[in-house]
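Right, one structure below, let's go through it.
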Amino acid sequence: MSTPIFLHQVTVPSQFAPVDVLLEGGRMKFGAPAPAGVRIIIAQGMVLLPGLFDFHAHLREPGREDAESIASGTAAAVQGGFTGLLAMPDTNPPVDNGGMVQSVLDIAAKTSPIPVSVAGCITRRRAGEELAEIGEMHLRGAVMLTDDGDTVINPLLLRSALQYSRDLGILVGAHCDVRELSGSGAMHDGRVSYRLGLPGIHPCAEEIGIARDIRLAHSCRTRIHIKHVTTVRGVETIRRTKREGTRVTAEVTPHHLIFCDTDVGDYDTNFKVKPPLRTDEDRCALLEGVLDGTIDVIATDHCPHTEFEKNRDFASAPFGVTGLETALPALHHYFIRPGLLTWDMLIERMAVTPRRLIGQRPPSVADGAEINAVLFNPAAATKVKRSFVKSRSLNTPFLGRELQGRVEMVMLGDRMLHDASGVE
Ligand SMILES: [Zn+2]
């Protein structure tokens, strides 16, 4: 930022009253007067948040740059208020060795405006047959091990990975699914799938997987992170085992918090995700889990697919929706605005905890702190149309909708990464 910025009377969630914040030389200063030549923004009603971190993003590079690249995915992230993210390893070829970790980090260093953290596979080629080069990937900087997108079917392999994770201090992220139960299912198994004539995915597929993976981690005396929880009993299992002293953490996606199986409507493939959108009862249990701390992280599972792929019939279209650009405005629209979720809680679940889980220091919005911040305007709207989307893919369930609240600015150090102020 060549010109310092002065935010007049901005709301900071940790402060009782609005404050004046000067952003200059890479640092924030609270309560200082506006110096001459500064850009003044009347920020009454706007909220200054720490930069968010997405714990679950598929960036598709290398291999599927037609759907997304590290450059386009991180541009989408910035537009959504994220100043860091964790890239999943299911690229083509997959990130299953030290060289691949290095190559993703190298591309990110050249093309991403924000730091990209990298997850490596648990098994070689994500094939579930033998362990990937865990030690080598850890050395090159991988911060999570996961076969996300697939479950590790063989419990002995997962157990070995968990032992490595304990010794190396690297977190295992579990995609929980009993494949024999989920089979060729396309959506939640229930009244709606029967009516639409689509094969269902029974909640047991996920719940049994969650119980198994937590049990294995506990037996190895190590941590485990359960990805995208979607069911009442999944949340209950995590709550109970947390009380019993297991070192489990869990995440939920915005789409599972907002939508349920009835939203599939007329076979809309932008509502086809895995695990699937469940019932309203499940949805409520997920929100409860976020509120009582059973669920530690809200992560997008940003999963870009080309229009060609998503335009297929519901049963054969791929699973997944994008989420980086819409997560913050959508969570504001559906939960913060009606008072179901506080800013403090959102910051904890989307900026603080995900970074802590992989050993990174979370940013803060405080006097003297380094600038890593998002200016959010609850009074403006985000119109989710083609021209708004920075991702190379358009498979968002919010396409064509308007969400209340807008990311105005994203600032990192002395750089202005995103500036929508004044843009209609
Ligand atoms: Zn995923």
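The values are calculated or read from the model by the stated rules, or taken from the named source; none is laboratory data. The structure displayed is predicted, hence computed values, not measured ones. FYI the Cβ positions are ideal-geometry reconstructions off the backbone, even for glycines, and counts take in every protein chain you see.
Listed here are the helices (runs of 4 or more DSSP H) enclosed by region 187-286 that have at least 2 residues being touching a Ser or Thr at 6+ places or on another chain (Cβ under 6 Å) and modelled with pLDDT of 95 or more: 203-219, 232-243. For region 321-354, what are the residues that are closer than 19 Å to ASP148 by Cβ, out of contact with any helix residue (DSSP H, G or I) (no Cβ under 8 Å at 6 or more places or on another chain) and surrounded by 24 or more Cβ atoms within 10 Å (Cβ to Cβ)? PRO354, the sole residue that qualifies.
Being within 20 Å of the chain's Cα centre (by Cα), surrounded by fewer than 22 Cβ atoms within 10 Å (Cβ to Cβ) and within 22 Å of ARG140 (Cβ to Cβ) is a description that does not apply to ALA57.
The residue list PRO155, PRO94, PRO89 contains one member that is surrounded by fewer than 17 Cβ atoms within 10 Å (Cβ to Cβ), touching a residue at least 12 places away in the same chain (Cβ under 8 Å) and touching a Lys or Arg at 6+ places or on another chain (Cβ under 8 Å), which is PRO155. Of all residues in region 259-291, those satisfying the criterion of being surrounded by fewer than 21 Cβ atoms within 10 Å (Cβ to Cβ) and of a type in the set (A, V, I, L, M) are LEU287, LEU291. Do we find that THR396 is in contact with a Cys (Cβ under 9 Å, 6 or more places away or on another chain), in a loop (DSSP other than H, G, I, E, B) and crowded, with 16+ Cβ neighbours inside 10 Å in this structure? Answer is no for this residue.
State which residue is surrounded by the fewest Cβ atoms within 10 Å (Cβ to Cβ) when the search covers only region 188-205 and only residues that are out of contact with any Asp or Glu (no Cβ under 6 Å at 6 or more places or on another chain) and within 19 Å of GLY320 (Cα to Cα). The residue in question is PRO199. Of the residues making up region 399-424, those that are over 18 Å from PHE53 (Cα atoms) and either over 21 Å from the mean Cα position of the chain (by Cα) or outside any loop (DSSP other than H, G, I, E, B) (or both) are GLY400, GLU402, LEU403, GLN404, GLY405, ASP414, ASP419, ALA420, SER421, GLY422, VAL423, GLU424.
Within region 116-142, restricting attention to residues that are surrounded by fewer than 20 Cβ atoms within 10 Å (Cβ to Cβ) and closer than 24 Å to GLY320 by Cβ, the residue that is farthest from the ligand (Cβ to nearest atom) is ARG124.
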